[in-house]
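Values in this text are rule-based calculations from the coordinates and carry no lab data. Since the structure is predicted, the reported quantities are computational estimates derived from the model, not experimental observations. In this analysis, Cβ positions are derived from the backbone assuming ideal geometry, glycine residues included, and neighbour counts consider all displayed protein chains.
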Amino acid sequence: METLLTDASTMLDKKGFLDIEIPEGTDLIAEINRMRKEKNAIILAHYYQIPEIQDISDFLGDSLQLARAAAETDADMIVFCGVHFMAEAAKILNPTKKVVLPDLKAGCSLADSCSGEGLRAMRAEHPNAIVISYINCDAGVKAESDIIVTSSNAKTILDSLPQEQEIIFAPDKNLGKYLNKVTGRNMILWDGACIVHEAFSLERIARQLAEHPNAKLIAHPESEEPVLNASDFVGSTSRLLNFVQTDDAQEFIVATEAGIIHEMQKMAPGKTLIPAMTSDENNCNCSECFFMKRNTMEKVYLCMKYELPEILIEEELRQRAEKSITKMLDLSVKVK
Ligand code: 13P
Ligand code: SF4
């Protein structure tokens, strides 16, 4: 193991994961289960992970549920199957625990669009504003923020603040616009977006709706305004999941990352779930987050075995970032 890992940091810098050959015939699921027990590890997975990872997770959820699970766990090692900002949030909440992410390059276009420095500069232009940031941001941005929100609790948290309070909202302009509309606010928006949710094509979705006249269009609020305006229901990943189970409709066109369909189909077995089409005529018709899909079963196995790549955060930054996440966890009521 020592020799294999001599070049680990170079490998992680270059590739983002441990590119180590796994002996043929290794039963990945059995090995993951064995290590999970031996190492007192918990596997947290987001709904956008590949189905195999969702199925082996101890806890599957949206960003808010995962942050809560990370805050509550007594495991010694958190194996975070999601993207970097999510694993980083788990580490911020658990400084003494080991947090590993199967692939360090599992990033996020939204998180990448905003820096702590940039946000500080924006704040300087609006001295009376408080800064509310979507959880899809890095520790530097969290440290510059007053409160963190997710798409599940953003409206509830905003509604708890005085209507006249000036607010900067970062980094998702689509979610920000949507929140301005549903809360009657006029927040100043950072100009970031999710490449996955921005890819939906209203024109092609309209064709899908024409082919399925009884289907309801449901969308995640990271989608663009025209798609949201055309939707029958807008909600976070877990709210969409809940909606397909409780609504009377039998068919749904789902405008969010296609990984959610796996859990949706399990929860609503008799219903027809159709991934909304993107504008990409050449590739697949569904929308997949390239970053989320970087995690594979092999990488989960390797990161549990070698306990790498590990998420590490400088303590002063961690403490500043923790305040804004803790504020969110304190303010948000339990939402499903
Ligand atoms: P939620 O899990 O909060 O719905 O967010 C979706 C997302 O884009 C995660 O990256
Ligand atoms: Fe980021 Fe969008 Fe991927 Fe979510 S789906 S991780 S917001 S790029």
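Key figures for this structure:
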| read-out | value |
| --- | --- |
| Amide N proximity, the range 233-255 versus S279 label position 7 Å along Cα-to-Cβ, cut-off under 20 Å | 254-255 |
| Rough spin-label spacing in nm, given labels placed 7 Å along Cα→Cβ, for E21 and R207 | 4.6 |
| Pairs from K37/K299; K105/K293; K155/K181; K142/K181 whose Cα-Cα separation, in the structure shown, is over 21 Å | K142/K181 |
| Approximate spin-label separation K37-D146, in nm, with each point projected 7 Å along Cα-to-Cβ | 5.0 |
| Dipole in debye (nearest 20) - the range 10-91, about Cα centre, beta carbon charges: Lys, Arg +1; Asp, Glu -1 | 220 |
| Distant-in-sequence amide H partners of G107 (H built 1.01 Å from N, under 5 Å) | H84 |
| Kirkwood hydrodynamic radius (C-alpha pairs) into Stokes-Einstein, the chain, 20 °C and 1.002 mPa s, D in µm²/s | 104 |
| For K98, distant residues with modelled amide H under 5 Å away | I78 |
| At R0 = 22 Å, FRET efficiency that the Cβ-Cβ distance of K105 and N229 yields, to 0.05 | 0.05 |
| Cα-projected label distance for D58 with T96, points at 7 Å along beta-carbon direction, nm | 1.7 |
| Dipole of the chain, positive end: most advanced residue of I43, S324, S9 [Cβ charges, Cα centre] | S324 |
| Amide proton proximity set for T278, modelled H, under 5 Å, gap of 5+ | S201 |
